[in-house]
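Read through the structure below, which is laid out as structure tokens, and then see the notes.
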Number of protein chains: 2
Amino acid sequence: MTSVSTRRKRASRGSGEQLREEIIAATKDLLAESANSDAVSIRGVADAVGVTPPSIYLHFADKDALIEAVVADVFNELDAAMLAAAVGIERPMEVLCAYGLAYVQFAIEHPEHYRVATMERCPVEGQPGHLDMVLADAAFTHFMATVSACMDAGVFAKGDPLPVTLELWSAAHGVAALMIAKPFLPWGERLETANRVLRAAAIGRAVSDRLGGEMTAADVEDWLAAQRIGP
Amino acid sequence: MTSVSTRRKRASRGSGEQLREEIIAATKDLLAESANSDAVSIRGVADAVGVTPPSIYLHFADKDALIEAVVADVFNELDAAMLAAAVGIERPMEVLCAYGLAYVQFAIEHPEHYRVATMERCPVEGQPGHLDMVLADAAFTHFMATVSACMDAGVFAKGDPLPVTLELWSAAHGVAALMIAKPFLPWGERLETANRVLRAAAIGRAVSDRLGGEMTAADVEDWLAAQRIGP
DNA sequence: GCCGCTAAGTTATCGCCGGTAAGTTAGCGC
DNA sequence: GCGCTAACTTACCGGCGATAACTTAGCGGC
């Protein structure tokens, strides 16, 4: 009857919320060693917490809601990691790189959490809510503010920082996601590779701004072939 | 007893392989309208083909093997789309952009196929096999050959094309994967956005080659702020 | 003291899943 | 028409998400 982990004592009257936190923590732990969110089961979580499956549903409408709560938690952790990596740095471009590197490092260190947060299908019906959830997300706002600062510093062309933020985020996500999904590829020193990609994305964006958007690929090829050395 | 779809006639003696193709096709169809590979069931596939579930196991060891076969099929389609997009184009940089755009377009048009192929966890034990599977994959080799041609044309610094290919692929994957995972974000015209990202990645890589790898983020910021206009 | 009320759980069950063992049917060679 | 085997089916196992219905424990009121 009893599961591997000990049975949990019933929470005292006022504090049912305590179980909620335990459930989220246990789900995060189980997620860390699972292939995806389908691989962690309500039953497994319940067992880890020391409770029976239906008790989970007292705190979460369904499994998706539980996973969503974990994802929100993960994004907060990610933001904290980014902020910590940029503390004391002033120049916007350095902050941008620090953010990006911390982002990729977090993904590498918590691959399954990152996968669930950014690579699984979002419920389609939650469109407006999820849009706000990403754009209002702390990590995203901090990132976009830094892009804005880079514009002020003359690194990027002045304008709406949102599309630039999305583009740079794409680069960071690309390298992080591929390293997670195809870990056996010859990535070399992962953070160095990530750094190269991030820097190339930023430089490419900045140079594109200066070259103008109407250049064809052939024009770019000619221009690049003509550039032998830096300034 | 009878399912929605009609019962399939038993295949004639010599040709059991025909069912295999039908299974793959049906799985691809079901995958196209599912959240992930866990959401398509062996039972669903069997029903769509007009057969009972255990018959699937006559052709595939387990569900993973079936999904893997579908993924291989998808990668072949992807390669075909890339090749088709670059037919008649000669200049390597234009080919590179055409490949990248076709890649992202394929991902946008077949989001669930792309997700299963590139965003779900690979079986860990298959390391060497999967490494070859990606690196020897037709799309990847074609892409890397074009990177090599770009080096010969003086666009990128000459050297091993593999790391550059991985970096550019990361950029393409990043924008494709994010557009799929977060479709509600303000991407604007998706292919235009993808084009900007891809071009920025290529330019950034090329300019980075010329600037040298030892520049700090602050150096880059200074250099960029000093660059007012093109050549 | 004990009673109602409700928070905090449990037991039992449903239908679906991946997968397997064992049985059945149909067609070819002889 | 008989054996052989390819091409299936029926019946089943344990585990899953989810729900309905039941039980237990503690607090306020009298």
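The values are calculated or read from the model by the stated rules, or taken from the named source; none is laboratory data. Please read these numbers as outputs of a predicted model, since none were measured by experiment. In this analysis, Cβ positions are derived from the backbone assuming ideal geometry, glycine residues included, and neighbour counts consider all displayed protein chains. Note: areas computed on protein heavy atoms with side chains; ligands, DNA, RNA excluded. Shrake-Rupley method; radii C 1.70, N 1.55, O 1.52, S 1.80 Å.
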Phi angles of the range A:134-143, converted by Karplus (6.51 cos²θ - 1.76 cosθ + 1.60, θ = phi - 60°) into ³J(HN,Hα) in whole Hz with x for Gly and Pro, give 7, 5, 8, 4, 4, 4, 5, 4, 4, 4
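As an exercise, identify the trypsin sites (Lys or Arg not before Pro) in the range B:132-231 lying in DSSP coil whose Cβ has no more than 14 other Cβ atoms within 10 Å. Intermediate results must be reported in sequence, preceding the final value.
Values: sites: B:158, B:190, B:196, B:199, B:205, B:210, B:228; in loops: B:158, B:228.
Answer by residue number: B:158, B:228.
Give, rounded to the nearest 20 debye, the magnitude of the charge dipole that chain A has about its Cα centre when Lys and Arg contribute +1 at Cβ and Asp and Glu contribute -1 at Cβ. Before the final figure, lay out the partial values.
Working: 20 positive and 31 negative charges, 138 e Å.
Dipole of chain A, to the nearest 20 debye: 660 debye.
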Could you give the size of the charge dipole of the range B:138-225 about its Cα centre, using +1 on the Cβ of each K and R and -1 on the Cβ of each D and E, expressed in debye and rounded to the nearest 20? 380 debye
Phi-derived 3J(HN,Hα) across the range A:162-179 with the Karplus relation (6.51, -1.76, 1.60, θ = phi - 60°), rounded Hz, x for Gly and Pro, is 4, x, 5, 4, 4, 5, 5, 4, 4, 4, 4, 5, x, 5, 5, 5, 5, 4
Which one, A:18, A:48, A:31, is farthest towards the positive end of the dipole of the range A:1-60 when Lys and Arg carry +1 and Asp and Glu -1 on their Cβ? A:18
Kirkwood hydrodynamic radius over Cα pairs of chain A, then Stokes diffusion coefficient at 10 °C and 1.306 mPa s, in µm²/s: 79 µm²/s
Hey, could you grab the Kirkwood Rh for the range B:1-60? Inverse mean 1/r over distinct alpha carbon pairs, Å, one decimal. 11.9 Å
Let's see if you can work this out: charge +1 on each Lys and Arg Cβ, -1 on each Asp and Glu Cβ, no other charges. What is the dipole magnitude of the protein assembly as shown about its Cα centre, in debye to the nearest 20? 900 debye
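For chain B, what is the calculated [θ] at 222 nm in deg cm²/dmol (nearest 500), taking -39500 (n - 2.57) for each run of four or more DSSP H residues and dividing by its residue count?
Numbers: 11 runs with 155 residues, N = 231.
Calculated at 222 nm, the ellipticity per residue is -21500 deg cm²/dmol.
Restrict the search to the range B:21-77; then list the GluC sites (Glu not before Pro) that DSSP places in a loop and that have at most 11 other Cβ atoms within 10 Å of their Cβ. Walk me through the numbers before you get to the answer.
Numbers: sites: B:21, B:22, B:33, B:68, B:77; in loops: B:33.
Filter output for the range B:21-77: B:33.
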With a 1.4 Å probe and every protein chain left in place, tell me how much accessible area residue B:198 has, in Å² to the nearest 10. 20 Å²
Count neighbours as other Cβ atoms within 10 Å of each site's Cβ, and list the trypsin sites (Lys or Arg not before Pro) in the range A:6-64 that are DSSP loop with at most 16 such neighbours. A:7, A:8, A:9, A:10, A:13
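Which shape class applies to the protein assembly as shown: rounded if a/c is under 1.5, otherwise prolate when a/b exceeds b/c and oblate if not, where a ≥ b ≥ c are the square roots of the Cα gyration tensor eigenvalues?
Details: a/c = 2.30, a/b = 1.27, b/c = 1.81.
It comes out oblate by the Cα gyration axes.
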